[in-house]
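Undergrad: Before we start, here is the structure in question, set down as structure tokens.
The values are calculated or read from the model by the stated rules, or taken from the named source; none is laboratory data. All of these numbers come straight from a predicted model, not from anything done at the bench. Note that we place each Cβ from the backbone using ideal geometry, even for glycine, and neighbour counts take in every protein chain shown.
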Amino acid sequence: MCTSEQVSDAVEALGDNLKYILACTSTYPSIIDELNLNYIKTLKDTYPHVKVGFSNHYSGLDASLAATALGSECIEFHITDSRTQFGTDATNGMLFIDGIFECYTLEDQYQAVKVMHETCIPEGTYDIKFRTVGGFHEKYKKRYGNDHYGMLHLQDVPNFTYILIHAGNTDEHTSGCLIVGESQQDLDISKDGFIGHSGVAYKKLYKKVAKELLLGKTVTIEYTTITKLLEKPLSNASTDDVVLTRTVMDKMKELQEDIAEVNGGVIQTQAMLRGRIIR
């Protein structure tokens, strides 16, 4: 949050380097009564030489449509990847869109000094744009046809290039990129990590992000940790959809104890359980 005086100071300090001023309510997600969309008109009247936009933290399209009607020239669509578990070879996380849980994530492990193809990217906020060249783009164009407009490409990541959001299952399928999935395995069970139904999660996420990009909106993704994320109010609208990995592993242990009492095929069945998440 900031005051009108602080906005004025920032505009003066940035000068010609300022591209947009975004009206925003800081809560995730915002409620309709807190949006104060009329502030968009105030900003446009006060700073006619600067483009004014709206950073949408409200669930749904209503606020974005209203902001556009009030003269907003830019709509920001905000994604958060909150890292929840750090392992020796992988990093687990949860992805939120405007404060509402969307899917699970998997990345390479954290390392203070970057190791090529073995390190997750630094925390920060990055713009997402389409990347319409390269092997991943050609592969996904064949797979998804006209529903694919380009890879979701993170911009200006320090010391990293070509960081994408894509499908996959373990950290062997990423070199710093973000993999998404519908389920997630505890890193105490598998050091490489595992997320399931990745294609399903990717298609759902891609459809939402691509729609905003095609409308000309600014889409950002913020990389943070769960402790920082919990400092912000989050929606519990998707609580029933969230399967905590610890709960899953407790259930798996119970099932394995039951299976141990069955003669024959025990080792094979336990191996199958270890490779899957029980929903």
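Undergrad: For the stretch 68-85, what are the residues that are touching a residue at least 60 places away in the same chain (Cβ under 8 Å) and either closer than 16 Å to Val180 by Cβ or hydrophobic (A, V, I, L, M, F, W, C) (or both)?
TA: Cys74, Ile75, Phe77, Ile79, Thr80, Asp81, Ser82, Arg83, Thr84, Gln85
Undergrad: Going residue by residue through the stretch 221-233, is there one that turns out to be modelled with pLDDT of 50 or more, within 30 Å of Glu73 (Cα to Cα), polar (S, T, N, Q) and loosely packed, with under 13 Cβ neighbours inside 10 Å?
TA: no
Undergrad: Right, next: So how many residues does the stretch 175-186 have that are of a type outside the set (Gly, Ala, Ser) and in a strand (DSSP E or B)? Talk me through it step by step, then tell me what you get.
TA: Taking the stretch 175-186 first, the residues of a type outside the set (Gly, Ala, Ser) are 177-180, 182, 184-186.
Narrowing the set further to residues that are in a strand (DSSP E or B) leaves 178-180, 184.
Summing the residues that are of a type outside the set (Gly, Ala, Ser) and in a strand (DSSP E or B) in the stretch 175-186 gives 4.
Here's the yes/no breakdown for (1) surrounded by 21 or more Cβ atoms within 10 Å (Cβ to Cβ); (2) without any contact (Cβ under 8 Å) to a residue 12 or more places away in the chain; (3) of a type in the set (Asp, Glu):
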| residue | (1), (2), (3) |
| --- | --- |
| Asp89 | no, no, yes |
| Tyr110 | no, no, no |
| Val113 | no, yes, no |
| Pro158 | no, no, no |
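Undergrad: Residues Asp192, Asp171, Asp188, Asp108: which one is out of contact with any strand residue (DSSP E or B) (no Cβ under 8 Å at 6 or more places or on another chain) and either farther than 21 Å from Gly216 by Cα or of a type in the set (Gly, Ala, Ser) (or both)? Full working, then the answer.
TA: Numbers: Asp192 fails: out of contact with any strand residue (DSSP E or B) (no Cβ under 8 Å at 6 or more places or on another chain); Asp171 fails: out of contact with any strand residue (DSSP E or B) (no Cβ under 8 Å at 6 or more places or on another chain); Asp108 fails: out of contact with any strand residue (DSSP E or B) (no Cβ under 8 Å at 6 or more places or on another chain).
Exactly one residue qualifies, and that residue is Asp188.
Undergrad: If you don't mind, another one. Which count do you get for residues in the stretch 189-210 that are more than 25 Å from Ile75 (Cα to Cα) and free of Cβ contacts under 8 Å to residues at least 60 places away in the same chain?
TA: 4
Undergrad: Another question, then. Out of Asp186, Asp147, Asp127, which single residue is surrounded by 15 or more Cβ atoms within 10 Å (Cβ to Cβ) and in contact (Cβ under 8 Å) with a residue 60 or more places away in the chain?
TA: The unique qualifying residue is Asp186.
Undergrad: May I pose another question? Could you look through the stretch 160-174, keep only residues that are under 17 Å from the mean Cα position of the chain (by Cα) and in a loop (DSSP other than H, G, I, E, B), and pick out the one that is surrounded by the fewest Cβ atoms within 10 Å (Cβ to Cβ)?
TA: It comes out as Tyr162.
Undergrad: From Val157, Val180, Val209, grab the single residue that is at pLDDT 90 or above, aliphatic (A, V, I, L, M) and more than 14 Å from the chain's Cα centre (by Cα).
TA: None of the other options fit; the residue is Val157.
Undergrad: A further question follows. Can you name the residue in the stretch 189-206 that is under 25 Å from Glu118 (Cβ atoms) and under 17 Å from the mean Cα position of the chain (by Cα) and, of all such residues, is surrounded by the most Cβ atoms within 10 Å (Cβ to Cβ)?
TA: Ile195
Undergrad: In the stretch 34-53, is there at least one residue being small (Gly, Ala, Ser) and within 25 Å of Leu205 (Cα to Cα)?
TA: yes
Undergrad: If we scan the stretch 142-155, do we find a residue that is assigned to a loop (DSSP other than H, G, I, E, B), farther than 23 Å from Lys204 by Cβ, in contact with an Asp or Glu (Cβ under 9 Å, 6 or more places away or on another chain) and outside the structural domain of Thr25 (by TED's automatic domain parsing)?
TA: Within the stretch 142-155 (the criterion being assigned to a loop (DSSP other than H, G, I, E, B), farther than 23 Å from Lys204 by Cβ, in contact with an Asp or Glu (Cβ under 9 Å, 6 or more places away or on another chain) and outside the structural domain of Thr25 (by TED's automatic domain parsing)), the answer is no, since none of the residues qualifies.
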